[in-house]
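Everything on this sheet refers to the single structure shown next.
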Amino acid sequence: MKLFTTQQIRDWDIYTIKNEPIDSIDLMERAANRLTDWYYENCERYTDITFFCGVGNNGGDGLVMARLLHLLHFNVKCYIVHFSDKISEDFKQNLSRLPKNVPCYDIKEDSDVPVINDETVLVDCIFGSGLSRPPKGITQKTIIEINRSNNPVIAIDIASGLYADHYSTHFQTIIEADITLTLEVPKLAMLFPENDKNVGELNIIPIDLSKKFKEETPSNYFFTTHKNAQEIYRPRKRFDHKGKFGNLLIVGGSKGMIGAVQLATKAGLRAGAGKTTALVPACGYEIIQATIPEAMCISDPSRNHIVASTLVSKYSAIGIGPGIGQHEQTQKAVRSIIEDAEKPIVLDADALNMLSENDEWWSLIPENSILTPHLGEFERLAGIQFINSFDRLEAASKMAKEHNVIIVLKGANTAICLPNGQIHFNSTGNAGLAKGGSGDALLGIISSLLAQKYKPYEAAILGVYLHGKAGDYASADKGFESMVASDVIESLGKAFFELLK
Ligand SMILES: NC(=O)C1=CN([C@@H]2O[C@H](COP(=O)(O)OP(=O)(O)OC[C@H]3O[C@@H](n4cnc5c(N)ncnc54)[C@H](O)[C@@H]3O)[C@@H](O)[C@H]2O)[C@H](O)CC1
Ligand SMILES: [K+]
């Protein structure tokens, strides 16, 4: 799914009105109908609803919803936050359409801001994508009061006060929503961890804006949906044989960290590689052989850490880094594997930390290789600590372009930065994945897909999607706290299976 800036969304709106064609007031009616349907399907038992409407089109959406929910016999009331004398035409019309028996109060001065102490759902439609500066005066006061109350808050399109396309610093004056119902596509800011408390649970409400505009308007931002993952996925055919699914090598492990390479190897197998081999220090040899009978194992001459490289040309993909440590001799071995590799490889964990300390390695990395740093590893690679996610993402994208590699910036909504400037945000996964071993599983999955001849960008996007999806299955089964990386790997089958649906 392509993501757009607020300016592009405004243009999309105008284009749809002109070309569908549809009147702007009818488009608002359609949007509010979809929002109302969502509320009815998901929150039917919450019968008391208070709308806080601004005087722009976001407020207009709220007035239509209030009317529709009133007709469905919900107990609705509205507050109008008069933040400006410039009132949108569609807002005015919908205010006049609001049934007279819906209580409606004006907020024009500080003393009009209500103290919220009744049990009611609060619907935030003060500002939408039209926000141009931090809220002040009565708007600020209303937002602070909504946040102070412990009532459930649903934000329409975007939490009021949150900038959609750039970093917001006025933290006190942004709605903290429990649920965001965003129209048509997520907005960039919703995908960043610092805005989590403002966004809450994100739901996308399609309102059928022009398909043609979407296809023809360029954007570098994407959100990987189930359908996108299905488009990449290639189901196996009946007569396929193991030779077709590649020969994967996982390089990792050191004394005390054999578990990491074990997880990556298991994940590589579960993600479908035809043959999977682990290269581990001698102390890991028996562990791998005894616990993963399906995998082959090469023992390094050294007992506790890897010191020797191997003949890399016979493997269709190599994943390097899980539990590998940073021993000087290991660094030499890793360098020589990277240097010998002729196809894209996957680098994680200490392999990335070694790269941070050896700038000259960049020129050795095969183009389109995949680097999977978490935020700390990325900051070490970039040599900078970032204050906000926008700057961090921009730096990751720049790094991907500059070095012709794919950077998988791990976190909630993992961002996959491609050398062509595209950034793909993942849509699956949960906080249960924030745990040791999770990254090892991801390295195994991505390398495995690469071994199966998925293109590097496909392996990264699909791998991250499947990892998250498997994590969702694991959490449903074991819970966020209790799920471990082995559960994620066990659940991979279900994640693949779902792609067939
Ligand atoms: N294309 C769609 O997705 C559709 C969106 N709809 C809804 O419309 C809003 C966007 O409406 P818009 O009128 O452009 O913006 P707002 O409602 O956010 O109002 C902004 C209004 O306020 C002024 N302003 C901005 N910041 C401040 C401030 N801090 N203080 C005071 N005033 C401010 C600004 O100049 C504007 O005049 C979108 O989010 C959807 O909810 C349609 O209904 C359906 C199609
Ligand atoms: K809003």
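Values quoted throughout were computed directly from the atomic coordinates according to the rules given, and no laboratory measurement underlies them. Computed from a prediction, not measured in an experiment: that's the story for all the values here. Cβ placement follows ideal geometry from the backbone for every residue including glycine, while neighbour counts extend to all protein chains displayed.
Lysine pairs in segment 409-501 8 or more apart or on different chains: how many have alpha carbons under 29 angstrom apart?
Going through segment 409-501 pair by pair, I get 22.
Shape call for segment 229-499 from the C-alpha gyration tensor, a ≥ b ≥ c root eigenvalues: rounded (a/c under 1.5), prolate (a/b greater than b/c) or oblate?
Rounded is the answer for segment 229-499, as its axis ratio a/c remains below 1.5.
To the nearest 0.05, how large is the calculated FRET efficiency for Thr169 and Glu379 if R₀ is 22 Å and r is the Cβ-Cβ distance?
In this case the efficiency is close to 0.60.
Which angle from 0 to 90°, rounded to the nearest 10, does the C-alpha axis of helix 438-451 make with the longest principal axis of the chain?
Once rounded, one gets 70 degrees.
Rank the residues Arg392, Arg34 as a footprinting-exposure proxy: fewest other Cβ atoms within 10 Å of their Cβ go first.
Sorted ascending by nearby Cβ count, the order is Arg34, Arg392.
Give me the angle, in degrees from 0 to 90, between the Cα long axis of helix 57-71 and the longest principal axis of the Cα atoms of the chain, rounded to the nearest 10.
In the chain, helix 57-71 runs at an angle near 70 degrees to the longest axis.
Please list the equivalent ellipsoid semi-axes of segment 1-123, computed as the square roots of five times the alpha-carbon gyration tensor eigenvalues, in descending order and whole angstrom.
25, 18, 14
Considering only the other residues whose Cβ falls under 12 Å of the Cβ of Ile156, what net charge follows from Lys and Arg at +1 and Asp and Glu at -1?
Around Ile156, the charge tally is -2.
For Lys77, give me every one of the lysines with a C-alpha distance below 26 angstrom, ignoring sequence neighbours fewer than eight places off in its own chain.
Lys86, Lys92, Lys100, Lys108, Lys136, Lys141, Lys197
How charged is the neighbourhood of Arg133? Take every other residue with its Cβ under 15 Å from the Cβ of Arg133, and add Lys/Arg as +1 and Asp/Glu as -1.
+1
What list do you get for Phe425, Phe171 if you sort them by fewest beta carbons within 10 Å?
Lowest count first: Phe171, Phe425.
Could you compute the net charge surrounding Thr120? Neighbours are other residues with a C-beta less than 10 Å from the C-beta of Thr120; K and R count +1, D and E count -1.
After counting each charged neighbour, the total is -2.
With a cap of 16 neighbouring Cβ atoms within 10 Å, and only residues DSSP puts in a loop, list the GluC sites (Glu not before Pro) found in segment 245-349.
When the GluC sites (Glu not before Pro) of segment 245-349 are filtered for loop state and at most 16 Cβ neighbours within 10 Å, Glu294, Glu342 remain.
Quick one: length gained pulling Lys453 to Ser356 fully straight, 0.36 nm per residue minus the C-alpha distance?
32.1 nm
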